[in-house]
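Below: one structure, written as structure tokens.
The values are calculated or read from the model by the stated rules, or taken from the named source; none is laboratory data. Model, not experiment: these values are computed from the prediction. Cβ: placed from backbone, ideal geometry, glycine included. Neighbour counts: every protein chain shown. The accessibility values were calculated without ligands, DNA or RNA, using every heavy atom of the protein model including side chains. Shrake-Rupley method; radii C 1.70, N 1.55, O 1.52, S 1.80 Å.
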Amino acid sequence: QIPDPEACDQMYESLVRIHTNFYKNKYPRLKDTTFTGVTVEDCRTILATDILRQMEDRKKGTWKRLQEKFSARKPEEDLK
């Protein structure tokens, strides 16, 4: 036996609305974005490996970048 059939019916109707995307269809979004405003394409760009490498390079300090830059040129200069 259900103690309160009316409350049970209300909860059931609420779950049906959630399951059938009632509010998504009633209030369509103008743009497909997240709450931060980032679109799907922006997310794909951010997650690309090239972008990740660039972000790792930015995290390095200036001294470390200079060391890598000059150490990479050293063998080329020896060949000349």
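Ordering Tyr27, Leu66, Cys8 by Cα displacement along the dipole of the chain toward the positive end leaves Leu66 in first place; charges were set at the Cβ atoms of Lys, Arg (+1) and Asp, Glu (-1). FRET efficiency for the Glu68 to Asn25 pair, using the beta carbon distance and R₀ = 35 Å, is estimated at 0.05. Here the dipole of the chain is about 720 debye; that uses its Cα centre as origin and unit charges on the Cβ of Lys and Arg (positive) and Asp and Glu (negative). Secondary-structure-derived ellipticity at 222 nm for the chain, considering helices only, amounts to -22000 deg cm²/dmol, per-run term -39500 (n - 2.57) for DSSP H runs with n ≥ 4.
This structure gives volume of the Cα convex hull per residue in Å³, computed directly, and of (1) 77; (2) 211; (3) 105 that value is listed as (2).
If you count only protein heavy atoms with a 1.4 Å probe, what accessible area per residue comes out for the chain, rounded to a whole Å²?
102 Å²
Converting phi to 3J(HN,Hα) with the Karplus coefficients 6.51, -1.76 and 1.60 and the offset θ = phi - 60°, segment 38-53 yields 7, 7, 4, 5, 4, 4, 5, 5, 5, 7, 5, 5, 4, 5, 5, 4 Hz in sequence order, with x at every glycine or proline.
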